[in-house]
Structure formats: C-alpha cells, structure tokens
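The values are calculated or read from the model by the stated rules, or taken from the named source; none is laboratory data. In this text, all values refer to a predicted model and were calculated from it rather than measured experimentally. Cβ coordinates were reconstructed from backbone atoms using ideal geometry, including for glycine residues, and neighbour counts include every protein chain displayed. Areas reflect the complete protein model, heavy atoms only, side chains present, ligands, DNA and RNA absent. Shrake-Rupley method; radii C 1.70, N 1.55, O 1.52, S 1.80 Å.
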Amino acid sequence: MTDTMHRDADGRLTPAPPPGALIDSPRFPVAAKRELANPVQRGNLHHAMTTIRAKRARVVAELDHWEDLRRAGEAIKNRTLRHLDTYLQQLEDSLTRAGSVVHWARDAKEANEIIVRLVKEELGEDYRTSRSEVVKVKSMATQEIDMNEALEEAGIAAWETDLAELIVQLGHDRPSHFLVPAIHRNRSEVREIFLKEMGTYGKPAPEGLDSEPRNLAGAARLHLREKFLRAKVAISGANFAVAETGTLVVVESEGNGRMCLTLPETLISVVGIEKVVPTVDDLEVFLQLLPRSSTAERMNPYTSLWTGPTEGDGPKKTHVVLIDNGRTKVLADQQGRAALRCIRCTACLNVCPVYEKVGGHAYGSVYPGPIGSILTPQLRGMGSAVDKSLPFASSLCGACFDVCPVRIPIPDLLVYMRNKAVEAKKAEATSKYSKKRGLPFSVHSEPAMMKSAAWMMSDSRKWEVATRAGGLGGLMLGRMDKFGPLPYPLSKWTDARDVPIPPKESFRTWWKRERGKDGQK
C-alpha cells in the first residue's frame, strides 16, 4: 500500500497499515469521509456501477425462471450448510481418491504455515533464489488469510495474474471490489502504474503505451507470459468444490486462471469450507446464477474443472487446503449462517448506494459492501472498532436482497448484526467501568430513547399528540429547513446527518381537513 497517513479507530493520525493489516483500518465513518474526498474515485465508481447494473438487468430479464433459479440456489446452499460436516467428509474422500492431498486449516495462521511449507518443498533448490515465486489465480480466500504477505515474509513472491489484481499489486494498493479489484482506477491511472512499475518486477511496459484498454491488456499479457512459463507452483482458490467427485471449479473471464491451472507442476488450491456443493448437477444452477449476477454474462468465458492430477495433462501434484477461519462459528448461528450462502458474485456491491459513493477501501475488510458488512464481523468477531462499525454501513434500502442470486436476507442480517454490535459495546463498557463510577451516558441513553419512542408509537393517540407537538415546533421555527448542530449526545447524530424540521402539519391533520373524519369529504 502507498505510504500515507490515516486516522485509526480512535481518530489518531498514524502511518497507514501494511497490506493485509485491515483490522487496523479506521472505522467506517472515518474511512468513508476520507474516500468521499476523492472525486476521481467517485466518478470511476459511478461510471462502473451504472454500466454493470444496466448489463445485469438485461441478461437477467432474458430468463423467465430467474426467481426459480434464485430459490434453487438458496435451497441447495441451505441443504449443504445443514449437513456441511457430511459433505466435507465426502469431499475429502473424493479428493483423496482423485489423487489430491487434502490439508485442513483452522485459521489463517495454520493455512499460511501449510501453504508456505508446501511451496518451499515444491520449489526445492529454487527456494530463496530469483526463481522463488508462485503465480496466482484470483482468490478471495487467499486475500482473507493474507497469504501473499505470509509468502513474502518467507522470501517467496506471489504474482497476481488477474488483470485487475495485477493493477492493484503493481500499484501497491488494495482491492476495492470482489470481482473488479481495480474498479476505483481509470485507464489513465492504469497506464501510469504499468509504465512506472512493470519494469521493476519483470518485463517492462512497451514504450509509448497509451491508455487504450486493448493495449493495456496486451502489456499485461506480455508481462505475465514469462511468469506463466517459468512458474513451478501455482495457487488458486475455487468457486465451487463438488463433494460427489472431488472436482474443483474456477470461473473467470480472462484465461489467466486457465494458464495457472495447467502450466505449473504443482497446484495448491485454497478453499473455504462453505464452497462445497453436493453434486455436479448442482453446478448447473450456480453456473447460470453466477455469471449473470457478477459479470452480466450469459456464461463465463472460461470455466475450469479439475479432479486431481492426470498424467501428461496439467499439474503433476494437486493440494487442497480447506480453511475454516471462523466459518464454523458463523455456521453455529442459525440466523447469521445465511451469509455463508454467498457465492462472491458482487451483485450487492453493484447496487449499493453506499458502496458506490465510498468504494471498497472504506470498509477495512477484504469483503466490502453489504455482504462484507455482515460476513466480516461474523468471521472476525466484534473485537475491533472496525467490525463494530460495519453493520451500520448501510441505508437498509433492500436493493442487495433483490439482486442476491442466493437470496441472502442482507438487510435483516444487517439489523441483526447491529444488535450484536450494540450488545458488544454494552459488554465492553460494563467490563471497563466500575459499578461505583457507573456506565457512561452514551451506553444507557440510547436504549432509554428507544424505549421512549416505542412507548409513544405503540398507541395511536400518543403518536397523534407527538405529531401535533412536532407541527407546533415546525411553526415556531419558521423558515428553517433543518436543525443546526445540537449538544451532546445528540451531536453524535447531527454531526453526520441533516435533521429536518418537523412539518408544520401532520398527515393525520391534513387528512381530517381534506377528507373529514370518515375519509369521505
């Protein structure tokens, strides 16, 4: 990442954390203000999101049975999660029969130890030389566990081969989107990155490179070709893992994944345990849902399936690292486990009005957007200020559920996680403050205000009195359209939001005046 300063969770100005140390990012409200101050990024995001949404709407409208497909995807995922232990055992047996070596990792540390050891063993004499490197297929799981950083600490370079991931890596940046990690960059910025950085890490960009997309892609192709041809080890993720056959599946649009999956001698696949599906037949549903929801295509240009090593065809050795890293904890939560249905399509990001304004870096998580706001706090826990703030990074407009191909009730889960964040805050305050000193005002004031509001809204007569009082307040404040800054604790609201003046006349009063008491006037 670029060497800049940022404010931490407590608002202090500190050096920006290194790549992978997202837990040290500022809270969402702080980070969002920082990202909103970048007009170029906002323009890039608006253009990209508008284009993707329009394309997705067109290809989804082609299918009369789209809602049936969504419900089928939801049902398959729910059934798999209910019996995940059985399907994981079946997957291990199938992978082993097919000739793959299976490794189980409880957390990121254990996964990285396994991967580093395997890479060292396979590189042999090339370890700690200029050929100490691996090529990578784009993978969210490896980003989640900070695998690139772990390999770098061990003296091994991990080269991203996805075009957008390559842009992010060469730009010393972080991904901003699951599917298009460099979505916050425009083509002029990409050109500058290629001209400045490519020669440092391999074949330089051609002289006179312009910002035409096909020429930028051509420069990336030339830069990566030598890495593909000399790499002995490749690392991939998997979109799906079929329990029935031990088949792993990667879907992509560029062909770089196919190169990684076929040319190196050894392939290491890092797979979250929730990626398992019971049968090959189940893929038929997801291979319709995923491309339309992600790249707005009828089918993926490249869909690679492999079932262990095959003599004379592709890698000689295949390893599969199955990672938990908090997933069984999420699985144990009957309401929260719905987040594990996610197939990483990014449809929820592409329709989210909050994400479109601030981009992915504001979330302090490998998983940004609406799904990241519920999944990340569940995987990592509510131990940091970043994770406590994420469930509130939403307007609850509901667009994310409308487009989710597996019908994850993201708005409901955001409210559920907000409750958890509030409870975590209470527990933290209770342990921090003694009974003698008492809890800080902010801890018990909000629940008291919510109880008062509930009491008032529970009876129509009380609510009518309150709206009349609000109308009188609106008349007294005259032409003002909103409140100015209010004193603490209300300042915590007005510092970040406009509070409109109550209307001078309530709807009930207007209705009685216009329609009469019986509504027949």
(request) Return the distance in nm (one decimal) between the two label points of a simple spin-label model at A453 and D313, each offset 7 Å from Cα along Cα→Cβ. (result) 6.1 nm
(request) Would you kindly enumerate the cysteines in the chain that have no other Cys beta-carbon under 4.7 Å from their beta-carbon? (result) C260, C342, C345, C352, C397, C404
(message) Based on DSSP loop calls and a cut-off of at most 11 other Cβ atoms within 10 Å, the longest stretch of the chain free of exposed GluC sites (Glu not before Pro) is what?
(response) 312-521
(request) About the Cα centre of the stretch 210-260, how large is the charge dipole given +1 on each Lys and Arg Cβ and -1 on each Asp and Glu Cβ? Please answer in debye to the nearest 20. (result) 300 debye
(request) Please give the per residue accessible area of the stretch 70-150, computed with a probe of 1.4 Å over protein heavy atoms only, in Å². (result) 47 Å²
(message) Exceeding 32 Å between C-alpha atoms, which entries from my cross-link table qualify? They are K357/K388; K420/K504; K227/K329; K232/K275; K120/K420; K109/K420.
(response) K420/K504; K227/K329; K120/K420
(message) Could you put K55, K136 in order of accessible surface area, largest first, with the 1.4 Å probe and the full protein assembly present?
(response) K55, K136
(message) I'd like the Karplus ³J(HN,Hα) series for the stretch 465-470: coefficients 6.51, -1.76, 1.60, θ = phi - 60°, whole numbers in Hz, and an x wherever there's a Gly or Pro.
(response) 4, 5, 5, 5, 4, x
(message) What is the distance in Å between the Cα centroid of the stretch 100-144 and that of the stretch 387-426?
(response) 34 Å
(message) At 1.4 Å probe size, with the rest of the protein present, what percent of the exposed accessible area of the chain is carbon and sulfur atoms?
(response) 55 percent
(request) Would you mind checking which residues have amide H under 5 Å from L179's amide H? H placed 1.01 Å from N; only 5 or more apart, or other chain. (result) none
(request) Place +1 on the Cβ of every Lys and Arg and -1 on the Cβ of every Asp and Glu in the chain, take the dipole about the Cα centre, and give the residue among I183, S100, V422 whose Cα lies farthest towards its positive end. (result) V422
(request) With unit charges on the beta carbon (Lys/Arg positive, Asp/Glu negative), name the residue among V119, V134, H223 whose Cα is farthest towards the positive pole of the charge dipole of the stretch 105-241. (result) H223
(message) Positive end of the dipole of the chain, charges at C-beta (+1 Lys, Arg; -1 Asp, Glu), about the Cα centre: which of V321, G255, G73 has its Cα farthest in that direction?
(response) G73
(message) Not counting ligands, DNA or RNA, and with a 1.4 Å probe, what is L209's accessible surface area in Å² rounded to the nearest 10?
(response) 10 Å²
(request) Using only the alpha-carbon atoms of the chain, report the extent along each of the three principal axes, biggest first, to the nearest angstrom. (result) 84, 57, 49
(request) Taking amide H positions as placed in the peptide plane 1.01 Å from N, state which residues far from V270 in sequence (5 or more) or on other chains have amide H under 5 Å from it. (result) S236, G237, V321
(request) Sort F28, F401 by accessible area with a 1.4 Å probe, largest first. (result) F401, F28
(request) Report, ordered by chain and residue number, the aspartates and glutamates lying within cross-link reach of K316, taken as a straight Cα distance under 13 Å and ignoring same-chain residues fewer than 8 apart. (result) E122, E265
(message) Give me the dipole magnitude in Debye, nearest 20, for the chain about the Cα centre, with unit charges on the beta carbon: positive for Lys and Arg, negative for Asp and Glu.
(response) 2680 debye
